[in-house]
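Just below is one structure, and these are the notes that go with it.
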Amino acid sequence: MRVPMTLLNVASRFAPGLLCFNGADASQHRVALTFDDGPHPEHTPKILDILKRAGVRATFFFQGTNAARWPALVRRAFADGHQIAAHGVDHVAASEQSGDAAAANAIHCHALLCEIAGTDLPRFYRPPYGDITLGALRELRRRGYRFAFWSYDSRDSFLEGADEIARRITEQQPPDGSILLFHDDYAQTAAALPSVLERLRERKLELVTVAELCHE
């Protein structure tokens, strides 16, 4: 049975250590910048360069198939101090699989990232599309996983051009404590990132990883 994100968001108020949509303390003026679906051989390096120049650490939810194809980018993101976490072996919604298969998909991706990084990584998981079933949720919770969703969608999958992405950050400002959703497989996201960072810093927001925001 698929669990709607709206219901998960409500449940996160009672289980913030398990379901992460926002920071535990919004008064700290922090937000977490996150990127899904990479690594991408062209756009991920550009994003990593921009973040390094800005002194910003983010969270990358990598797909297992892409991580296996470009492991050097996973290692670079980790070496640069970014949090890396699982986004599934492939981008298949949990509701299109059995609960056991969806859980195995997440576990396999996490194990692959640990192998590439050469260390045990915190067990954070972002389900593709934010889609999770009750069976997969129970199994992954039993295995010590935490679920990182988002509270602010940049809409970089739908907006046309870097200017629109940056403009959205200004017009629909993410509240303190937000987890911001971006994707590192779009050229327009990489192009928009310097402006996005500037606009967030104009608001005196500290940019941290999901683990830091959620008090791992």
Taking 0.36 nm per residue of sequence separation and subtracting the Cα-Cα distance, how much length would be gained by fully extending the chain between L7 and H215, in nm to one decimal?
72.6 nm
Can you tell me the relative contact order of the range 42-152? Whole percent, Cα pairs under 8 Å, sequence separation 6 or more.
26 percent
Looking at the chain, send over the antiparallel percent of its DSSP beta bridges, to the nearest 5.
10 percent
Between the range 122-160 and the range 26-101, the alpha-carbon center distance in angstrom
13 Å
Assuming R0 = 35 Å, can you tell me the calculated FRET efficiency for the pair E198 and H108, based on Cβ-Cβ distance, to the nearest 0.05?
0.35
The chain - percent relative contact order, Cα under 8 Å, separation 6 or more
33 percent
The range 1-51: Kirkwood hydrodynamic radius (Cα pairs, Å) comes out at 13.7 Å
If the chain between S157 and R76 were fully stretched, how many nm would it gain, using 0.36 nm times the residue separation less the Cα-Cα distance?
26.7 nm
Considering the chain, what Rg and Dmax in Å follow from its alpha-carbon atoms?
16.0, 45
Given points 7 Å out from each Cα along the Cα-Cβ axis, report the Q28 to D49 separation in nanometres with one decimal.
3.2 nm
Simple label model, 7 Å out from Cα along Cβ direction - S95 to Q172, nm:
2.1 nm
Hey, fewest Cβ within 10 Å first, where do D184, D163 land in order?
D163, D184
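Only the coordinates and a few stated rules stand behind these numbers; no lab work does. Because the structure is a prediction, the values reported are computed rather than measured. Heads up, the Cβs are rebuilt from the backbone with ideal geometry, glycines too, and the neighbour counts pull from every protein chain shown.
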